[in-house]
Amino acid sequence: MRRLAAWACTVAMVASGCSYAEREPGLFPTRVPTTSEAPPPRAKFLPKPTNPSLPVVGEAIWVSGGRLPVTFRFAVHAVRRLEGATVLDWSVTPLRARGFAFGDDLPGVDLGLTRDSRSDVNIALLDPLSERVFQPLSHTSRQLFNHCLCTPPWVIQQDLRIGETRLMQIAYPELPATLTHVDVSLVTLAPFVHVPVSPIGTAPVARQPTNLARSADRRAAVTTPLPFRYADEPLRRQSIQIDRVVAAPGRTAVQWTLRSVTDQNISQLRPFGPPVSSPPPEDVYVLNTSPASGPLISLTTDRGQERWPTLWVVTEVYRQTAYECLCTELGLWSSGLRDAGGAVQLTGNYPGLPPGTPEVDIVLPGFGSFRRVPVVAAPDSAAAVRPPMVAQTGQWSYLVEDPPRGWSTTDWPTDLPDPAQLGDYQSAVERIGPLPTG
């Protein structure tokens, strides 16, 4: 019934190791806490350059999958401790869109980061050694939609403009004192690996200035597109290409593009199946409707030839064990697939490859394979910033009637959540594992 309800909702929406001990005082000034107010109508302006002191531990380019494709730069800036919780600082910068100039307001754009099961955002902190997943703090009240203690994407998605960087924040459970680095997983991108965790009262420092609004580097896909059609809809054709395979300690990310070759029949819209999504066993409670779980990694190991499916997060919903794909979920944000030429960028996470693996095969069961796809190593995020220094900040609280709307780069280091409100939020620390075979 849950899958049926999720399908019906989708149809309706679419049819319409290191530690830090040194502290240097006085780098950041003390600021007065800010309040979140609805912005007045804005005239066109030229966005300010990125604050040169803003640290960037990692960045990636992603193109939205709506009717208006927008090229974005996502960046991760810091993971900071506070009393009773942990905060992720990240940002989004729209770079270009057809018909829009630098400084232009954008119409509403979906970033593809909504998490329907609970909270508001599908971004997690991962500990690759213990295979734990730290999910965003969510409010204990279902009447308040179990919202995250964060800058909700659904708020800032309606208030973006070309060239302007919006700093955002998400609160997570308190991390163990022994955990000095984490991976940051946005479900539409390969994880940012080995991000340092800053001690309470500190923030990392940039090694050098950056310009987050600079043009996006063009990276060619590592394969040509493999076209396919659906057996029950022979006129409905799409293609898949592999953009790159990224290896990190304990995890492998496959980034790929799904493109519509023909217009898609909206009247017969239903959840994706193979080769985009692999159908789960009927007796397994899966939260995703259309996960990007179809491709498999094929390689030869000490055990012989193996095929690896995507990893899953083992969670609990209404006291029942459930599974959530550690991959992109196709939903309303991917509405551009309705038209021929529409494309979406997807990511699936898999087990870690043996060290030094130069290439793998990517298999679409029943549809074909990509042979000898090269593997690249994920950059070490910790190498991108200097050790943290003392940072004096204010505090903010989540107001349901006026959620946080983010900050500009001039506000760095941004305020932190008021610990007094943490009692209203619940923690979720889950684990990574394979999907049961039934």
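FYI, it's all coordinate maths here, none of it is from the lab. Since we're looking at a predicted model, the values are computed, not measured. Please note: Cβ atoms are built from the backbone with ideal geometry, for glycine as well, and neighbour counts cover all protein chains shown.
Looking at Ala383, is it exposed (fewer than 15 other Cβ atoms within 10 Å of the Cβ), within 25 Å of Val182 (Cα to Cα) and small (Gly, Ala, Ser)?
Here the answer is yes, as Ala383 does meet what is asked.
Among Gly356, Gly368, Gly336, which is within 20 Å of Pro274 (Cβ to Cβ), of a type in the set (Gly, Ala, Ser) and out of contact with any helix residue (DSSP H, G or I) (no Cβ under 6 Å at 6 or more places or on another chain)?
Gly368
For segment 311-374, which strands (runs of 3 or more DSSP E) that fit wholly inside it have 2 or more residues that are more than 28 Å from Arg132 (Cα to Cα) and under 23 Å from the mean Cα position of the chain (by Cα)?
It comes to 343-351.
For segment 106-122, give me each residue that is of a type outside the set (Asp, Glu), in contact with a Pro (Cβ under 7 Å, 6 or more places away or on another chain) and either on the phi > 0 side of the Ramachandran plot or buried (at least 19 other Cβ atoms within 10 Å of the Cβ) (or both).
Across segment 106-122, the qualifying residues are Leu111, Leu113, Thr114, Ser119, Val121.
Within segment 237-249, identify whether any single residue is crowded, with 21+ Cβ neighbours inside 10 Å and in a loop (DSSP other than H, G, I, E, B), and answer yes or no.
Checked segment 237-249: no residue is crowded, with 21+ Cβ neighbours inside 10 Å and in a loop (DSSP other than H, G, I, E, B).
Look through segment 124-174, keep the residues that are of a type in the set (Lys, Arg) and farther than 16 Å from Phe192 by Cα, and return whichever of them is surrounded by the most Cβ atoms within 10 Å (Cβ to Cβ).
Checked segment 124-174; the qualifying residue surrounded by the most Cβ atoms within 10 Å (Cβ to Cβ) is Arg166.
Hey, can you tell me all the residues within segment 284-336 that are among the small types (Gly, Ala, Ser) and within 23 Å of Ser138 (Cα to Cα)?
Correct list: Ala322, Gly331.
I need the full set of residues from segment 330-359 which are within 26 Å of Leu126 (Cα to Cα) and among the charged types (D, E, K, R), in order please.
Result: Glu359, single match.
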